[in-house]
Amino acid sequence: MKIDVFTLFPQWFSWFFEQRHVRNALRLGHDLRLFNYRDTTPLSHGQVDDAPYGGGAGMVIRVDVVDAALEAVYGRERSSPRGRTVVLTPAGRTFDDEVAGELTALERLTLLCGRYEGIDERVREHLADDAISIGRYVLSGGELAAMVIADAVMRKLPGALGSSDSALEESFSPALEGGPEYPHFTRPASYRGWEVPQVLLSGDHERVQRWRLERSSARRPG
Ligand code: ADE
């Protein structure tokens, strides 16, 4: 899978590249590339944003700047090499495990980060195919959202996690019938009088599985 991120702050991602599952995914031949809108802006002095029409606080990333950045990477005929192009915005559809699975199935994913007050709406209308929010709050830019999405997507790639089983039975997976993950315990079995549930020490795999499913469904909200 190839993930491209367009941002004004590529340095924010240095930490992300150091994470083990990201390095594993890259070693397996997947790709995560960063592009700075400022490097390809058609405006002078590295300008990338402008005041909003109609007035109001803050600055808006210009559509011509985003268009130039996409053209520099993908050329004019950009629909297929770009794959799915997603604007990151609090006004997008909400990201969850199902959306992560949908994106993981793509060969190519392009994430467009906004900054300041956001991106000119014509980017969403004409240059992107999707708009995603990672939650009902406003971040100072799309960079953290891009990392959240890239993290959730990349850890689903086969081999990205050290143990291939770890993504199978985690929260919201079909193995847990879409429910949240069951509680985990490790040694010591007793600590300050806080005991690990007996069933987990029983060695009875079927009972353990039943208990885990029960606990997972008990944790479902509402
Ligand atoms: N940019 C700013 N806030 C955001 C959010 N909640 N989700 C995605 N992108 C954003």
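The values are calculated or read from the model by the stated rules, or taken from the named source; none is laboratory data. Quick caveat: nothing in here was measured; it's all calculated off a predicted structure. Don't worry about glycine lacking a Cβ; one is built from the backbone with ideal geometry, like all the others, and counts go over all protein chains shown. Each accessible area value is taken on the protein alone, full model and side chains, heavy atoms only, with ligands, DNA and RNA left out. Shrake-Rupley method; radii C 1.70, N 1.55, O 1.52, S 1.80 Å.
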Check your understanding: So which of ASP31, ASP50, ASP64 is more than 24 Å from ALA150 (Cα to Cα), open to solvent by 20 Å² or more (accessible area, probe 1.4 Å) and in contact with a Lys or Arg (Cβ under 6 Å, 6 or more places away or on another chain)?
Key -> ASP50
Practice item. Can you run down the residue pairs with Cβ atoms below 8 Å, 6 or more apart or on separate chains, where the first is in the stretch 127-154 and at positive phi and the partner is open to solvent by 10 Å² or more (accessible area, probe 1.4 Å) and of a type in the set (S, T, N, Q)? Key: GLY135/THR94
Revision key, fill the gap. Flagged pairs (Cβ under 9 angstrom, 6 or more apart or on separate chains; first in the stretch 175-191, over 18 Å from VAL208 (Cβ atoms) and of a type outside the set (Ser, Thr, Tyr); second assigned to a loop (DSSP other than H, G, I, E, B) and open to solvent by 40 Å² or more (accessible area, probe 1.4 Å)) are GLY178/PHE172; GLY178/ARG220
Review point. So which of GLY141, GLY135 is within 16 Å of the ligand (Cβ to nearest atom), surrounded by 15 or more Cβ atoms within 10 Å (Cβ to Cβ), within 25 Å of the chain's Cα centre (by Cα) and within 30 Å of ILE3 (Cα to Cα)?
Key: GLY141
**Study point:** Pick from the stretch 107-125, criterion free of Cβ contacts under 8 Å to residues at least 60 places away in the same chain and not small (Gly, Ala, Ser), ranking: least open to solvent (accessible area, probe 1.4 Å)
**Key:** ILE119
